[in-house]
Each structure stands twice: as structure tokens, then as C-alpha cells.
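Every number in this text was worked out from the coordinates using simple rules, so none of it is lab data. Here the structure is a predicted model, which means the values were calculated and not measured. A quick note on method: Cβ atoms are made from the backbone with ideal geometry, for glycine too, and the neighbour counts reach across all protein chains shown.
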Amino acid sequence: MSQVTLVWIHLLAAVSWIGGTVFLSLVLAPSYRAMASKPDAGALFRTSAKRFRLVVWGAASVLLLTGPMLVFSHGWSLFEPAQWPSPLRMKLVLVALLLLLTLAHDLVLGPRVRAILVHAPGQRTRSDRTVLASATWLPRVALLLSLAVLFAAVSLVRS
């Protein structure tokens, strides 16, 4: 596979993940909050988020496959990270944080939010309200991290 094709596939996966995150955060979530009293709003948001989760993990898989191939194609040893350029090391730290946040969101926070939302607001504990608040800021932090990964990638190309 040519390096251009490899970079294109890597970028397509990154754009899919970041673009979808921007859409969910800046378009779908605010629309949901504005229509939260309508019965179909919750179903639309849950269905969209569930479908996007497949895009995220598909993109992550592609990125985790093509990333090491790109490192190798530049002549850097996969097993000597001390020899890598600083932007690459920074990018990989940010990617690790982003993947951890995404795992926490999908495996811990999401199921917890679903369990809380079956209860009326008056029946929710302080802990429940904290979890619900976290559910609004964690995706925003993930969006900022993904944009930082993109910046590190551009820095890497330009260094």
C-alpha cells in the first residue's frame, strides 16, 4: 500500500471521528436539549449516538492499524519511542487519553446515564445528578482532545 493511500485512510478515519463528534456536540446535543420534552427527541439522540459509536470504534480501529504503519513508513522504530519526533509522542499521549475517555464514556458513563434516566428527576440522588452533569462535559473534553490530536498531527507533518 502506498504511503499516500495509507495517509488518506488514516485521515479519513480521523475526519469521520472528529467530524461526527463536532456534529453530535454542536448540533445534535443542543437540538436534543431544546426538544427534550418531545418523546421522539430522546429516541433520536440515543439512536444517533449508538450508531455513531460504531463509527468511532471503527475509526479507532483503522487509526490504531494505520498509525503504526505510518510510523514505520517514516523509518522510525516502533519500539524506540525516544527516537520519535516530539509531536508524534504528544499525539500518541493525546490519543491514549482520548481512547480512555471514549472507553469510560461507552462502558461506564453511558450505561449509568441510561439507568438514571428511567427515574423521574425528583427521584435522582446527588450522585445521579453528578453523573448526568459528567455526561454533558465528558464528550466536550473528548472533542477538545480530538482537536488537540489533530493539531499534533499537523505539527508532526510540518516539523
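7 Å from Cα along Cα→Cβ at both Arg89 and Leu144: what's the point-to-point distance in nm?
2.4 nm
Which whole-number percent gives the relative contact order of the chain, counting Cα pairs below 8 Å spaced six or more residues apart? Intermediate results must be reported in sequence, preceding the final value.
Values: 94 pairs, mean separation 48.5, N = 159.
After rounding, I find 30 percent.
Could you go through segment 96-109 in sequence order and give the Karplus-derived ³J(HN,Hα) for each residue, using 6.51 cos²θ - 1.76 cosθ + 1.60 with θ = phi - 60°, rounded to whole Hz, and x for Gly and Pro?
4, 4, 5, 5, 5, 4, 5, 4, 4, 5, 6, 9, 10, 5
For the chain, set up a Gaussian network in which alpha carbons nearer than 10 Å are linked by springs, and say which option among Leu63, Leu44, Leu97 fluctuates the most.
Per the Cα network of the chain with a 10 Å cutoff, Leu44 tops the list.
Size of the dipole of segment 9-148 about the Cα centre, Lys and Arg at +1 and Asp and Glu at -1 on the beta carbon, nothing else charged, in debye to 20? Display every interim value, and only then the final one.
On the way: 14 positive and 4 negative charges, 112 e Å.
So the magnitude is around 540 debye.
R0 = 22 Å: FRET efficiency of Gln3 with Trp57, Cβ-based, nearest 0.05?
Numbers: r = 25 Å, r/R0 = 1.16.
Efficiency, from the Cβ-Cβ distance: 0.30.
Who wins for biggest fluctuation among Gly122, Gly20, Gly110 in a Gaussian network model of the chain, springs between alpha carbons below 10 Å?
Gly122
Using a simple spin-label model with points 7 Å from Cα along the Cα→Cβ vector, what separation in nm is obtained for His119 and Leu97?
Going by the 7 Å Cα→Cβ label model, 3.2 nm.
Using θ = phi - 60° and the Karplus relation 6.51 cos²θ - 1.76 cosθ + 1.60, list the HN-Hα couplings for segment 117-127 in order, rounded to whole Hz, with x at every Gly or Pro.
5, 6, 8, 5, x, x, 9, 7, 7, 4, 4
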